[in-house]
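In what follows, a single structure is set out as structure tokens and then discussed.
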Amino acid sequence: MYEPTAKFQGGSLSPNPRRVALGVLRASAEGARPEDVMARLGVMLSRRDMALASAIVYACLRHQSRLDFLIDGKLSSGSGTPKAVRVILRMGLAQILLLDRIGHHAAVNETTALGKSFTPGREGLINAVLRAFVRDKESDPFWPRELDGEDTPEISRLATFYSYPEWMVAKFASEWGVRETRAFLAAGNQPASATMRLSPGAGGREAFAGRLPFQATPTSWAPRGLRPDAVAAGRPDSWPGYGEGLFSIQDEASQLVAMLAAPPGKPGPRRFLDCCAGVGGKSFALLGAFPEARAAALDNSRLRLEELYAEAGRLKVFDRVKILQGDILDASLDPSWDLAVADAPCTGLGVIRRHPDIKWKRLPEDVARLRDFQRSILEAAARAVRPGGRLIYSVCTVTREEGPDVCASFLSSRPDFRPAEGLPPELEPLMAGPGQYRTVTHRHNMDGFFYGVFDREG
């Protein structure tokens, strides 16, 4: 894998926001998570420079194919342009077209200097292309006019304008239609704020919001959620109450798991198993909602479990959660748990607004591959549920295969499970079928999620 701190073609990375952005984009193209690389490379940046580097990175990732379309229109070599030159051109064009607070002169000069350091001999080309875009901006600021013609298929126009792979756009359009797809694609390109979930000790939402140095609005569905009104509200670990464990960062869609864990008005689970716990978001939401509950959090990643361990301490629930490293597919499970939660690995197409690199890392065949994997995880999790207990399946994606199809296949093989009854009536508008819920960003202002909720007979 590309090592972003290494020298390449005469250049080296230093505490410069554009150089950091270049390192992050190159590493992301080779499979790394941009947020992880940004945390490493940007450690010496000021808060202002970190914000600039992040803005450039995410503008490039969100609008990659649109930027490439415009760049190819200026280059005689088109798709034959070296990768490093293309990444630098994307960065410059993103600053000119998408980041209004950056002056054109600074964008061109700084990007040309970047090209001189990292792609020597190509800086003249980079400078000429970017200056041509500056001249063109007033007459053609965003929409590529060449795509307005009737000869361009609609799926191709949408894929280029909103910057998604054509296969992904075609899939959405076949399931939802073009109008719904267009709204979904547009919403996925909007930055998302860091939604808060209040801990029991934080008190009421309105009172806690009054303590914050920014405006925050109660979430529409999750009863303990607060959403900052501005995306750029600073780092959550600097907000009041973070050090005392009074809130966690968790999207509203993920918070809904606590509302689905037990019928309204009935006791919640006393023991639950989080089968793919990750860093523990759903475990902590359930522990917050059910004060008497105890959790076992299982995951196969030591790094994720280390984060879970630290977060359990910050939230002061360490004595209520047992942390287990292992794979649910290999685990020996007794059917003794009141609740099992299977938050399965998925294509992640519901969280593109937070992780736009997913667009360029997913392949069409991933949908079917992950569907089969998810089915195996759900079947394994079902082994842990006691008679009369509940099973929750969730994925942060929006494909039919990974949601309803997985649930239908599971029910056909486990007649002792049925779609759950006694579900919260306030979530009825989100229902996608018996015991099933779906959220989408453009309708519900939260991440795209799917839940399947099952009760075991007994």
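Annotations
- Criterion (of a type outside the set (Asp, Glu) and surrounded by fewer than 23 Cβ atoms within 10 Å (Cβ to Cβ)) met by exactly one of 280, 268: 268
- If the condition is being assigned to a helix (DSSP H, G or I) and among the small types (Gly, Ala, Ser), then the range 101-137 contributes 106, 107, 113, 115, 117, 124, 128, 132.
- Scanning the range 418-458 for residues that are at positive phi and outside any strand (DSSP E or B) returns 422, 435, 445, 458.
- Screening 452, 458 for residues that are buried (at least 18 other Cβ atoms within 10 Å of the Cβ) and small (Gly, Ala, Ser) leaves exactly one candidate, 452.
- Residue in the range 249-261 that is in a strand (DSSP E or B) and within 23 Å of residue 381 (Cβ to Cβ) present: no
- Any chance residue 363 is at pLDDT 95 or above, of a type outside the set (S, T, N, Q) and under 19 Å from the mean Cα position of the chain (by Cα): yes
- Qualifying residue in the range 30-50 (condition: crowded, with 21+ Cβ neighbours inside 10 Å, under 19 Å from residue 85 (Cβ atoms), out of contact with any strand residue (DSSP E or B) (no Cβ under 9 Å at 6 or more places or on another chain) and at pLDDT 95 or above): no
- Highlighted here are the helices (runs of 4 or more DSSP H) found entirely within the range 164-233 that include at least 2 residues which are in contact (Cβ under 8 Å) with a residue 60 or more places away in the chain and either closer than 19 Å to residue 315 by Cα or touching a helix residue (DSSP H, G or I) at 6+ places or on another chain (Cβ under 9 Å) (or both): 166-176, 178-188.
- Exactly one residue out of 185, 212 is within 27 Å of residue 54 (Cβ to Cβ) and surrounded by 19 or more Cβ atoms within 10 Å (Cβ to Cβ), and it is 185.
- Being under 24 Å from residue 430 (Cα atoms), among the β-branched types (Val, Ile, Thr), in the same structural domain as residue 428 (by TED's automatic domain parsing) and not in a strand (DSSP E or B) is a property that does not hold for residue 279.
- Count - residues of the range 44-66 that are of a type outside the set (Asp, Glu), part of a helix (DSSP H, G or I) and more than 22 Å from the chain's Cα centre (by Cα): 3
- Within the range 297-353, being outside any strand (DSSP E or B) and in contact with an Asp or Glu (Cβ under 7 Å, 6 or more places away or on another chain) holds for 300, 305, 346, 347, 350, 351.
- Exactly one residue out of 81, 111 is out of contact with any Pro (no Cβ under 8 Å at 6 or more places or on another chain) and under 12 Å from residue 17 (Cα atoms): that is 111.
The values are calculated or read from the model by the stated rules, or taken from the named source; none is laboratory data. Note that the coordinates shown come from a computational prediction; the quantities given were computed from them, not determined experimentally. All Cβ positions, glycine included, derive from the backbone under ideal geometry; neighbour counts span all protein chains shown.
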